[in-house]
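Colleague: Structure in structure tokens, see below.
The values are calculated or read from the model by the stated rules, or taken from the named source; none is laboratory data. Because the structure is predicted, anything quoted here is derived from the model rather than measured. Backbone-built Cβ (ideal geometry, glycine too); neighbour counts: all protein chains shown. Quick note on the areas: whole protein, heavy atoms, side chains included, nothing else; ligands and nucleic acids left out. Shrake-Rupley method; radii C 1.70, N 1.55, O 1.52, S 1.80 Å.
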Amino acid sequence: MLSDILTPQKALFPDGAHTELRGQLNRTRRVVLLAGNLIQNTRSDVSGVSARVYKNGVYGFSSMAEYSPEAAQAVLKAAAENALFMDEHVRPGKPQLPPVGSSMTAPEAALADGAQSLYTDFARAVDDRVRSRYKNVVSRRIVVYEDSMEKLLRVSQGADFHIAAPRSYCYVFLTAETPAGIPVELFTVAGGSGVFADNFSDPAAMDVLTDQLYDELMAKREGVYADAGEKTVILGGMMTGMLSHEAVGHTVEADIVLGGSVAAHNLGKRVASDKVTMTDFAHTAFGAPCPLPVYADDEGTPARDVTLIRDGILTGYMNSRASGLHYGMEPRGNARAWLFSDEPLIRMRNTAIHPGTDRLEDMIASVDDGYLLLRSGNGQADTTGEFMFGVTMGYEIKRGKLGRALLDTTVSGVAFEMLKTVDMVSDTVTWASSGFCGKKQPMSVGMGGPALRCRITIGGR
């Protein structure tokens, strides 16, 4: 755990300038088994201190890969000098940042570091169960993973905090072959917020997920290609989460808006059907903790929810303190940094479309000829909201009933147009949190949503 060496340094903060002093420790533990063979077994700890000083519209930043009072003093001095230099040469002449609250409620920082055998033993136990239970598998891969961000932040104005944010997962990848000998792969993942020992104790608890995975894989190996074209589809919650994050969420990050995203000229306008409401949640959603709770950001802004779309109308952006000043919007804790050496960027936290009132069974029954799309392996989108996502698991829907499984395909469209076709929204939300957002620097995020019935372009063979 990080000791508090930063509070005494607040006496050195430059007068009249917003200042952030951050100490940080990132830990990563990873084990990979391929066909029972250990091919990766790594541990990494990265720590240091950074400072950022705001002056008249510009920031000075400095970091050092050392966590000590001397390092904290050095980066404070360098950041102040950098801010002064930038101000003298850029002279943007902008006002000081508006104040934000200092009140926040967050759990005390706590991390328990397990021995590496904790991860290797669990991975081997899961692999043994997979090998013995599933006979028509040509390849299997088990990944056990844990990372954590521990941060100690002291600011001139805002919320001081000491927070630990661990998360841990177990992934199972299975590969089979179609009758024609073409490999097909699916994966499942368990876990979420918390250290590994909190989330995983019994390898047999993975059986429910891996049984479902195997059943889907066996259906997929007998699967068919989708018929290409614009179709009525039901996007499962995982697909909705991908859409929310990649095709919508990034376009409403204020720095991307400043760069000319599609959201720049759509504030207050209809971008979806009135059945669509979307929020970037801070730490609590729909009466339960978010997958990856965030209580304050790395500018010292207490984290609160940001409503992005309400009843189909684009209502807001995610902001830092500086972009909030530019747009006249209240920052709500979206400025986040991955490593001590990274400056905070505007990032999503837990972004999701709200559930509706429809039952998934009724949604399927309402489709005469279309598809149920459940899993996505990858995706991309640009600042216009145009997207293309891979679909790794789905089913035909024929006359209101599920049909054959699908082989890998893609879906594409323009998010703010496709969302206008949403006419049914399921009453259950599915969350995902095991990946990274890759906007300039990695970041752990949660994303999710209900099933959506909509029109979308799907690829064929």
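Colleague: What are the pairs, 6+ residues apart or on separate chains, where a residue within the stretch 69-98 that is among the basic types (Lys, Arg) has its Cβ under 9 Å from a residue that is in a helix (DSSP H, G or I)?
Modeller: Listed by first residue and then by second, the contacts come to 77/12; 94/322; 94/325; 94/326.
Colleague: Another question, if that's okay. All but one of (1) farther than 26 Å from residue 164 by Cα; (2) crowded, with 17+ Cβ neighbours inside 10 Å hold for residue 122; state the number of the condition that does not hold.
Modeller: Exception for residue 122: condition (1).
Colleague: I would also like to ask the following. Taking residue 169 as the residue in question, decide whether it is among the hydroxyl-bearing types (Ser, Thr, Tyr), touching a Gly at 6+ places or on another chain (Cβ under 9 Å) and in the same structural domain as residue 12 (by TED's automatic domain parsing).
Modeller: For residue 169, the condition - among the hydroxyl-bearing types (Ser, Thr, Tyr), touching a Gly at 6+ places or on another chain (Cβ under 9 Å) and in the same structural domain as residue 12 (by TED's automatic domain parsing) - is met.
Colleague: On to the next question. Could you tell me whether residue 140 is basic (Lys, Arg) and either in contact with a helix residue (DSSP H, G or I) (Cβ under 7 Å, 6 or more places away or on another chain) or more than 21 Å from residue 340 (Cα to Cα) (or both)?
Modeller: Spelling it out, residue 140 is indeed basic (Lys, Arg) and either in contact with a helix residue (DSSP H, G or I) (Cβ under 7 Å, 6 or more places away or on another chain) or more than 21 Å from residue 340 (Cα to Cα) (or both).
Colleague: Output the residues belonging to the stretch 325-338 that are under 19 Å from residue 443 (Cβ atoms) and open to solvent by less than 50 Å² (accessible area, probe 1.4 Å).
Modeller: 331, 333, 334, 335, 336, 337, 338
Colleague: Then there's this: Within the stretch 208-312, which strands (runs of 3 or more DSSP E) (wholly inside it) include 1 or more residues that are open to solvent by 10 Å² or more (accessible area, probe 1.4 Å) and of a type in the set (Asp, Glu)?
Modeller: Result: 229-235.
Colleague: Is it true that some residue in the stretch 50-67 is surrounded by 18 or more Cβ atoms within 10 Å (Cβ to Cβ), within 20 Å of residue 145 (Cβ to Cβ) and of a type outside the set (Asp, Glu)?
Modeller: No, because not a single residue in the stretch 50-67 is surrounded by 18 or more Cβ atoms within 10 Å (Cβ to Cβ), within 20 Å of residue 145 (Cβ to Cβ) and of a type outside the set (Asp, Glu).
Colleague: Continuing with the same structure: So which residues in the stretch 430-461 are in contact with a Cys (Cβ under 7 Å, 6 or more places away or on another chain) and either surrounded by fewer than 23 Cβ atoms within 10 Å (Cβ to Cβ) or of a type in the set (Asp, Glu) (or both)?
Modeller: Across the stretch 430-461, the qualifying residue is only 443.
Colleague: Hey, another quick one. Based on this model, can you work out whether residue 427 counts as open to solvent by 50 Å² or more (accessible area, probe 1.4 Å), more than 18 Å from residue 230 (Cα to Cα), assigned by TED's automatic domain parsing to the domain that holds residue 270 and touching a residue at least 60 places away in the same chain (Cβ under 8 Å)?
Modeller: Answer is yes for this residue.
Colleague: Filtering the stretch 19-38 down to residues that are assigned to a strand (DSSP E or B) and either of a type in the set (Asp, Glu) or within 17 Å of residue 131 (Cα to Cα) (or both), which residue is most open to solvent (accessible area, probe 1.4 Å)?
Modeller: That would be 37.
Colleague: A further question follows. Based on what the data block shows, is residue 46 open to solvent by 40 Å² or more (accessible area, probe 1.4 Å) and either within 18 Å of residue 2 (Cα to Cα) or touching a residue at least 24 places away in the same chain (Cβ under 8 Å) (or both)?
Modeller: Yes; evaluated as a whole, the condition is true for this residue.
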